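Engineer: Following this message is one structure expressed as structure tokens.
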Ligand SMILES: Cc1cc2nc3c(=O)[nH]c(=O)nc-3n(C[C@H](O)[C@H](O)[C@H](O)COP(=O)(O)OP(=O)(O)OC[C@H]3O[C@@H](n4cnc5c(N)ncnc54)[C@H](O)[C@@H]3O)c2cc1C
């Protein structure tokens, strides 16, 4: 594993301390959402739609309610009316409130198999389950629209009869499953194609895939007689859950306290609410705390994957290897309600390249499938699969090295994306150079049916509001309180940034993620934002505390603050430096010299630094079975500054692992009737340890000027290049260009045979 | 899920009596890696009693005798099978299958007997056992009987056990001199998966190890039950070990016998292709093992 160069200017940043939350997780003591227990707790179960598309004519819950042990049954009728078109922010995506409400409990229609229709709270899970079978729902079954191209056709069954298509920012009068069609344009692609010596045009299809978090959704609610609602749940954004629940239930946000538990993964799938409003309503109705835990099948059938897509890419280049024009069309399956990440995908699609003439069209299309959710760099991986495959084909046609081609066309500071914004300081060139110099790229690949592929990827990264409190303890440690769910080791990364400012080791900081009543507003864990924005808040809070500590030292020495210097955890009195106090000594004297001290900061982190990554993948394809093994994979990524390099490498490896899964075997396999046939981890095939090579990592550090330590986000961009890198490698291995994901053995074999070079 | 009764009889007789009495309401329990999953997802709604077989000596014995061959108690977990040095040496074709069921954790519970009784078309040990000429020792209210492995499964999830009958052991003859066997399956991942197609094969060579005296081939996941393909064995009898055309003929016979369906794990065409490829590859390994290479 390549590591970062030592950073002599820092004592904590860039080191690899043991994570603060590690022990509890390793010994199984960490509390996850399903672990919540309390007196009088009831169990809730959800009744789900057996049809992908149907009108609900009536729901009879009387038999279920009469079953001994059942305490309450609810349906959409119990959700305070929110027939509102107001948009609710989900962090990486947004949704209309009435759609969010129907996704929590279906109103007059069900729009996918697995959509929640009713819920029961009972004294045991078994009774609740039995009660579900006593609920009678009278459905009028409707024909479904099951994939994006069918759903876009005139005459396709309409999911939302009242929905009017939005086109180029205007609401049209057209009733359609196309919720939105938008376009980004720069220059004139038609002119650009005239200058091209080679033009490649390809179509791509990708299947919906799951984020694959290990922990299923779970939530517990308690509704006190004073109207105060407490929710324990596994979420990527406790403040987000607070606002979604308060809005859906029409209660003041301040009446809702959300206590985030440890979270067993989210990757974008735990931004929107599913169970939280349901257990809250059941708790209100029963006067008891109520808990719901999804089964794995419910997670697959009832929550959001990342969309399936159809994409078309046309690119032209001249003999010198400059891209002269590009045209991209992205059509994403939003699922039951509008709001796929096609916008983000469209903005990322061509972001790696400095183009004069380009156009990107995006279509957000509703289909009778689960409402899609965010997944690690939402939309960007789809788009990269299409664009990076076409770029690879341009390189093949021009006989150009794929890295040299990207160096020639890649973006630098000042270049503009097709959708408008200009890049600040970015590290794409540095990433490409590091890939080019890597032993993996320089070592020839030998052997039959083997090939090496290369692909690049871009992700914006995000910032936003975050808060942090740091309190001094008498023994020289500090307690750090923050509000962002820790999914990827961010407690450690944030604590380290505070420790660096305070001149103390990371293990002297005890970081805790607290509930929404105990910290200022903190936006969610998404957009690769937490180490950046939470780190900035911790930096500012530590600066605030440092300033107060210096003042206190001055007070003790009966001087002014400008006569005190703080360096490497020591306070010194200028100019002689004879009087000194360590951080710990001062900590011990606070209570007798004026009282305790704490630093605090609430920030709106704006100076976001985007991320670029590149992946080199070697594959071997069995030409008789179509099975592909990734032999070697290397990822190079600009982290800005790796606070804790091991966790940065972990993110990079995790992203590549998920990207390889997406490339080779993962897919929501729908029957023609709109049923997901593989809602288990047995048949939804994520890669196991035996399916992956050791994934080599190279961290490039082009500091983000918008952060005191140069941090860019790292969590998302590593998933972007792998599917294209694997597809490009397969092309070189077997001479077949795969354009549909997953590139599963059956599909690869069929492609080999179609090309006529298969042999028995 | 409703409440369940759990019993753990200590004798074969008690278990048989109990199962005969309860009929469809009771299911035997070995490792539980099939039956517990099925209960949880509501696939056996009539069952209210589990009869644990792991306290019955006849079902937990694993022993080898040069004349009698292998006695493999029906409740012996896969890990005990592949950790046994004698079994490893004598029956590598069975080890191939026992080692790839699920994962290490699953193999600690999953029994070969349970795999056989579950009668899945994809059960990995079954083609391996058919290739090894294994027989099923069955005990029931009306006494005991013995059935060739290839007759045991009757439909997906169904076997020929009658009410109250238990599979006591799987017996495999001592390997003939100059024989070899192997099992291969195809899955898209490298573990934790269900065979898209599987092939078990065994060969017996002449004393010079130049010619195939007899061969047996059996398939998984390409028919309602594991499939014994006699024509594949016949294509090889008397042929030289290096006769690739004969091996291809056996593979063709296997493909011809396969009657797969199209589902999310693979299409008919894909499965047929795999049967051909795997038959060739499995036979090559079996021959190599028989030659002592
Ligand atoms: C994660 C996972 C992965 C798996 N992977 C594989 C795989 O790769 N390949 C594969 O083939 N299978 C696989 N399986 C299925 C299962 O593990 C095997 O079939 C296993 O061998 C079953 O053995 P068991 O002892 O657990 O059987 P049990 O579940 O205890 O029993 C299976 C069935 O046989 C009956 N039964 C058991 N013993 C007897 C007996 N002596 N007499 C009469 N009836 C009996 C039971 O009532 C039940 O119906 C997997 C299962 C899981 C959960």
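Engineer: Anything in the range A:631-673 that is assigned to a strand (DSSP E or B), within 14 Å of chain B (Cβ to nearest Cβ) and crowded, with 24+ Cβ neighbours inside 10 Å? List them, or say none. Show your work before the answer.
Structural biologist: Quick first cut of the range A:631-673, residues assigned to a strand (DSSP E or B) only: A:631-638, A:670.
Next cut, within 14 Å of chain B (Cβ to nearest Cβ) only: A:631, A:670.
Within the range A:631-673, none qualify.
Engineer: Give the residues of the range A:413-434 that are touching a helix residue (DSSP H, G or I) at 6+ places or on another chain (Cβ under 6 Å) and farther than 24 Å from residue A:329 by Cβ, sorted by residue number.
Structural biologist: The answer is A:432, and nothing else.
Engineer: If only one of B:220, B:235, B:257 is more than 22 Å from residue B:174 (Cβ to Cβ), in contact (Cβ under 8 Å) with a residue 60 or more places away in the chain and touching a strand residue (DSSP E or B) at 6+ places or on another chain (Cβ under 9 Å), which one is it? Please lay out each step first, then the result.
Structural biologist: Numbers: B:235 fails: in contact (Cβ under 8 Å) with a residue 60 or more places away in the chain; B:257 fails: in contact (Cβ under 8 Å) with a residue 60 or more places away in the chain.
The match here is B:220.
Engineer: A further question on this structure: Output the number of residues of the range B:188-217 satisfying the condition of being more than 20 Å from residue B:116 (Cβ to Cβ), within 14 Å of another protein chain (Cβ to nearest Cβ) and either away from the ligand (no atom under 12 Å from the Cβ) or out of contact with any strand residue (DSSP E or B) (no Cβ under 6 Å at 6 or more places or on another chain) (or both).
Structural biologist: As a first pass, look at the range B:188-217 and keep what is more than 20 Å from residue B:116 (Cβ to Cβ): B:188-192, B:196, B:203-215.
From what is left, the residues that are within 14 Å of another protein chain (Cβ to nearest Cβ) are B:188-192, B:196.
Adding the requirement that they be either away from the ligand (no atom under 12 Å from the Cβ) or out of contact with any strand residue (DSSP E or B) (no Cβ under 6 Å at 6 or more places or on another chain) (or both) leaves B:188-192.
Of the residues in the range B:188-217, 5 are more than 20 Å from residue B:116 (Cβ to Cβ), within 14 Å of another protein chain (Cβ to nearest Cβ) and either away from the ligand (no atom under 12 Å from the Cβ) or out of contact with any strand residue (DSSP E or B) (no Cβ under 6 Å at 6 or more places or on another chain) (or both).
Engineer: To continue, here is another question. Anything in the range A:91-128 that is surrounded by fewer than 18 Cβ atoms within 10 Å (Cβ to Cβ) and in a helix (DSSP H, G or I)? List them, or say none.
Structural biologist: Matches in the range A:91-128: A:97, A:125, A:126.
Engineer: Checking the condition touching a strand residue (DSSP E or B) at 6+ places or on another chain (Cβ under 9 Å), part of a strand (DSSP E or B) and farther than 18 Å from residue A:147 by Cβ, which residue from A:347, A:315 passes?
Structural biologist: Values: A:347 fails: part of a strand (DSSP E or B).
Only one candidate passes the filter, namely A:315.
Engineer: Could you please find all residues in the range B:19-38 being within 14 Å of chain A (Cβ to nearest Cβ), part of a helix (DSSP H, G or I) and either within 6 Å of the ligand (Cβ to nearest atom) or buried (at least 22 other Cβ atoms within 10 Å of the Cβ) (or both)? Steps first, answer last, please.
Structural biologist: Of the residues in the range B:19-38, the ones within 14 Å of chain A (Cβ to nearest Cβ) are B:33-34, B:37-38.
Retained after the next criterion (residues that are part of a helix (DSSP H, G or I)): B:37-38.
B:37, the sole residue that qualifies.
Engineer: Residue check: is residue A:410 under 29 Å from residue A:236 (Cβ atoms) and surrounded by fewer than 24 Cβ atoms within 10 Å (Cβ to Cβ)? Walk me through how you get there before you give the answer.
Structural biologist: Details: under 29 Å from residue A:236 (Cβ atoms): no; surrounded by fewer than 24 Cβ atoms within 10 Å (Cβ to Cβ): yes.
In short, no.
So that you can scan it fast, the table gives a plain yes or no per residue for (1) in contact (Cβ under 8 Å) with a residue 40 or more places away in the chain; (2) assigned to a loop (DSSP other than H, G, I, E, B):
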position: A:518; (1), (2): no, yes
position: A:522; (1), (2): yes, yes
position: A:534; (1), (2): yes, no
position: A:596; (1), (2): yes, yes
position: A:601; (1), (2): yes, no
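Engineer: Exactly one condition in (1) within 9 Å of the ligand (Cβ to nearest atom); (2) farther than 24 Å from residue B:219 by Cα; (3) outside any helix (DSSP H, G or I) is not met by residue B:59; state its number.
Structural biologist: All conditions are met except number (3).
Engineer: Follow-up question, since we're still on this one. Being within 11 Å of the chain's Cα centre (by Cα) and within 11 Å of the ligand (Cβ to nearest atom) is the filter here; which residues of the range B:135-161 pass it? Reasoning before the result, please.
Structural biologist: Initial filter on the range B:135-161 (within 11 Å of the chain's Cα centre (by Cα)): B:135-136, B:149-150, B:152-153.
The answer is B:136, B:152.
Engineer: Also, I was wondering about something else. Counting only residues that are assigned to a helix (DSSP H, G or I), touching a strand residue (DSSP E or B) at 6+ places or on another chain (Cβ under 9 Å) and more than 9 Å from the ligand (Cβ to nearest atom), which one in the range B:62-87 is farthest from the other protein chains (Cβ to nearest Cβ)?
Structural biologist: Only one residue tops the list, namely B:86.
Let's see how each residue does on (1) away from the ligand (no atom under 13 Å from the Cβ); (2) closer than 19 Å to residue B:63 by Cα; (3) within 14 Å of chain A (Cβ to nearest Cβ); (4) not in a helix (DSSP H, G or I):
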| position | (1), (2), (3), (4) |
| --- | --- |
| B:89 | yes, yes, no, no |
| B:97 | no, yes, no, no |
| B:113 | no, yes, no, no |
| B:122 | no, no, yes, yes |
| B:129 | no, yes, no, no |
| B:133 | yes, yes, no, yes |
| B:163 | no, no, no, yes |
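Engineer: While we're here: What number of residues in the range A:682-695 are at the interface with chain B (Cβ under 8 Å from one of its Cβ atoms) and either in contact (Cβ under 8 Å) with a residue 12 or more places away in the chain or under 12 Å from residue A:296 (Cα atoms) (or both)? If you could, list the steps in order and put the result at the bottom.
Structural biologist: Step one: filter the range A:682-695 for residues at the interface with chain B (Cβ under 8 Å from one of its Cβ atoms), giving A:682-683, A:685, A:687-688, A:690-691.
Adding the requirement that they be either in contact (Cβ under 8 Å) with a residue 12 or more places away in the chain or under 12 Å from residue A:296 (Cα atoms) (or both) leaves A:682-683, A:685, A:687, A:691.
Of the residues in the range A:682-695, 5 are at the interface with chain B (Cβ under 8 Å from one of its Cβ atoms) and either in contact (Cβ under 8 Å) with a residue 12 or more places away in the chain or under 12 Å from residue A:296 (Cα atoms) (or both).
Engineer: Further question: Being closer than 26 Å to residue B:11 by Cβ and either free of Cβ contacts under 8 Å to residues at least 60 places away in the same chain or surrounded by fewer than 24 Cβ atoms within 10 Å (Cβ to Cβ) (or both) is the filter here; which residues of the range B:89-114 pass it? Even if it seems obvious, please write down each step before you answer.
Structural biologist: Going residue by residue through the range B:89-114, those that are closer than 26 Å to residue B:11 by Cβ are B:108-114.
Scanning the range B:89-114 gives B:108, B:109, B:112.
Engineer: Separate question: Does residue B:185 meet the test of being in a strand (DSSP E or B), within 14 Å of chain A (Cβ to nearest Cβ), at pLDDT 95 or above and in contact with a strand residue (DSSP E or B) (Cβ under 6 Å, 6 or more places away or on another chain)?
Structural biologist: Yes, satisfied.
Engineer: Right, another one. Scanning for something within 14 Å of another protein chain (Cβ to nearest Cβ), over 23 Å from the mean Cα position of the chain (by Cα) and without any contact (Cβ under 8 Å) to a residue 24 or more places away in the chain, does the range B:239-247 turn up at least one residue?
Structural biologist: The answer is yes; a qualifying residue exists.
Here is a yes/no grid of residues against (1) farther than 27 Å from residue A:373 by Cα; (2) part of a loop (DSSP other than H, G, I, E, B):
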{"site": "A:134", "(1), (2)": "yes, yes"}
{"site": "A:146", "(1), (2)": "no, yes"}
{"site": "A:156", "(1), (2)": "no, yes"}
{"site": "A:162", "(1), (2)": "no, yes"}
{"site": "A:174", "(1), (2)": "no, no"}
{"site": "A:191", "(1), (2)": "yes, no"}
{"site": "A:215", "(1), (2)": "no, yes"}
{"site": "A:221", "(1), (2)": "no, no"}
{"site": "A:232", "(1), (2)": "no, no"}
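Engineer: Let me ask something else about it. Taking the conditions exactly as written (under 23 Å from the mean Cα position of the chain (by Cα) and in the same structural domain as residue A:622 (by TED's automatic domain parsing)), does residue A:453 satisfy them or not? Reasoning before the result, please.
Structural biologist: On the way: under 23 Å from the mean Cα position of the chain (by Cα): no; in the same structural domain as residue A:622 (by TED's automatic domain parsing): yes.
No.
The values are calculated or read from the model by the stated rules, or taken from the named source; none is laboratory data. Being a predicted model, the structure only gives us computed values, none of them experimental. No Cβ is skipped: glycine too gets one built from the backbone with ideal geometry, and neighbour counts run over all protein chains shown.
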